[in-house]
Each structure stands twice: as structure tokens, then as C-alpha cells.
Amino acid sequence: EELSALPELIPSLKSSGFYVGGFNWFVDYFIMPLGWMWTRIAPIYGARPVSKMLVWGLKKFSTPPYGTVLHLQSSGISNGKKCNYELRIAHESGYYLTAAPVVACVIQLLKGAGRKPGLWFQAHLMNPQQMLTDLKKMEIVIESHESDSI
């Protein structure tokens with residue numbers, strides 16, 4: 001939902017997307033399609049067996065190292081020149097990577113930042129640079145790279 005506001009926030013934006021990578025080969029190619037069909041056909045009765053299959057498939061076919069990565073790739077014009085920018089945010093625990101931005105948001109709120117009337121998405125309210133700084137302090141791996149387009 002946060003992405004739907006991007007064209008208004010960044011008028012020069014041409015396209016955007018959010019894509020999710022896989023779990024493991026068995027879950028991706030067998031359990032997820034089967035689970036999708038099963039929950040469409042019998043939503044009330046499908047959720048529990050599908051969740052059990054998912055847990056089984058993750059335990060049986062996943063191998064270390066485990067981890068969760070968010071990877072941004074962008075290209076555009078900066079200071080009149082074409083450029084590319086990549087940002088990679090990672091942690092070995094997907095749960096930790098989910099919770100850490102919430103903590104970083106609360107830190108900013110406690111410092112008085114982001115106080116605006118109304119209901120806001122976290123990504124639209126917080127200072128992104130401060131968010132990345134706070135995430136680094138929480139041992140989230142942050143890598144960024146900027147380059148000129150060829």
C-alpha cells in the first residue's frame with residue numbers, strides 16, 4: 001500500500017515494483033501453488049493444512065545460511081546526470097528484520113520527529129536516512145552503491 005503513493009510523492013517516477021524471492025525449490029514450485037489453489041477452493045478448510053505443509057517444506061528442504069534481504073535497484077536523473085542506485089538491507093532473521101524498522105520508527109517518534117496530524121504509513125513519515133542509521137546500530141546489514149549510467 002505504501003508504494004501506491006509513490007507517483008504523487010515522486011512525480012518523475014516512471015515505474016516501480018516490489019518482488020518477493022523464494023523460500024526453497026520445493027516450497028516455491030509445489031507447496032505455494034498447491035496452497036494457493038487449495039485456499040481458493042476451500043478457504044476455511046485450506047489454511048491449516050497449507051500452513052502445516054509450508055512449515056514442513058521449510059524445515060525439510062531449507063538449508064543454511066538463512067536470511068532475509070530487501071534489495072532496491074533504481075535508476076534515474078540526479079544533478080542532471082543519469083545514475084543508478086542500489087540499496088541492500090539484510091539480516092539472518094526475517095523476524096528481526098521486520099521488527100527493527102518499527103523500533104527505529106519509535107526511536108524517531110520519541111525524539112520528536114515525524115509528528116504530523118493524521119494517520120501515516122511509516123515509510124512516508126520517517127526520515128529515511130535516520131532510519132538506515134538506526135537500523136545499522138541494530139546490526140542490520142546496510143549496503144548501498146551509486147554509479148553513473150553508461
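The values are calculated or read from the model by the stated rules, or taken from the named source; none is laboratory data. Given the structure is predicted, the values throughout are model-derived calculations rather than measurements. Methodologically, a virtual Cβ is constructed for each residue, glycine included, from the backbone with ideal geometry; neighbour enumeration extends over all protein chains shown.
Please find, among His124, His91, the residue that is closer than 30 Å to Leu34 by Cβ and surrounded by 12 or more Cβ atoms within 10 Å (Cβ to Cβ).
On the way: His124 fails: closer than 30 Å to Leu34 by Cβ.
Only one candidate passes the filter, namely His91.
Helices (runs of 4 or more DSSP H) wholly in segment 45-150 with at least 2 residues that are closer than 24 Å to Ser15 by Cα and of a type outside the set (A, V, I, L, M, F, W, C) - which ones?
Numbers: elements: 94-110, 122-125, 128-137.
In segment 45-150, the matching helices (runs of 4 or more DSSP H) lie at 122-125, 128-137.
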- [ ] Would you please name the residue that is farthest from Gly67 (Cα to Cα), looking only at residues in segment 125-147 that are of a type in the set (Val, Ile, Thr) and touching a residue at least 40 places away in the same chain (Cβ under 8 Å)?
- [x] Ile142
Open item on the list: I'd like to check something: does segment 40-49 contain any residue that is touching a Ser or Thr at 6+ places or on another chain (Cβ under 7 Å), modelled with pLDDT under 95 and either aromatic (Phe, Trp, Tyr) or outside the structural domain of Ile10 (by TED's automatic domain parsing) (or both)?
Closed with: yes
Task: Options Thr39, Thr68: the member that is within 15 Å of the chain's Cα centre (by Cα) and surrounded by 14 or more Cβ atoms within 10 Å (Cβ to Cβ) - done: Thr68
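I'm checking my understanding of the structure. Among residues of segment 1-36 that are closer than 30 Å to Lys60 by Cβ, of a type outside the set (Phe, Trp, Tyr) and assigned to a loop (DSSP other than H, G, I, E, B), which one is nearest to the chain's Cα centre (by Cα)? Steps first, please.
The initial filter retains those residues of segment 1-36 that are closer than 30 Å to Lys60 by Cβ, namely 18-36.
Restricting the remaining residues to those that are of a type outside the set (Phe, Trp, Tyr) gives 20-22, 24, 27-28, 31-35.
Next, only the ones that are assigned to a loop (DSSP other than H, G, I, E, B) stay: 20-22, 24.
Numbers: Val20: 8, Gly21: 11, Gly22: 13, Asn24: 18 Å.
So the residue we want is Val20.
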Open item on the list: Out of the residues in segment 14-31 meeting the condition of being surrounded by 10 or more Cβ atoms within 10 Å (Cβ to Cβ) and touching a residue at least 12 places away in the same chain (Cβ under 8 Å), tell me which one is nearest to Leu72 (Cα to Cα).
Closed with: Ser16
Task: Some residue of segment 78-86 being at pLDDT 90 or above and either of a type in the set (D, E, K, R) or under 24 Å from the mean Cα position of the chain (by Cα) (or both) - done: yes
Task: Hits in segment 11-28 (condition: of a type outside the set (A, V, I, L, M), modelled with pLDDT of 80 or more and under 30 Å from Pro65 (Cα atoms)) - done: Phe23, Asn24, Trp25, Phe26, Asp28
Open item on the list: I'm trying to understand the selection: among the residues of segment 1-31, which are farther than 23 Å from Lys82 by Cα and among the hydroxyl-bearing types (Ser, Thr, Tyr)?
Closed with: Ser4, Tyr19, Tyr29
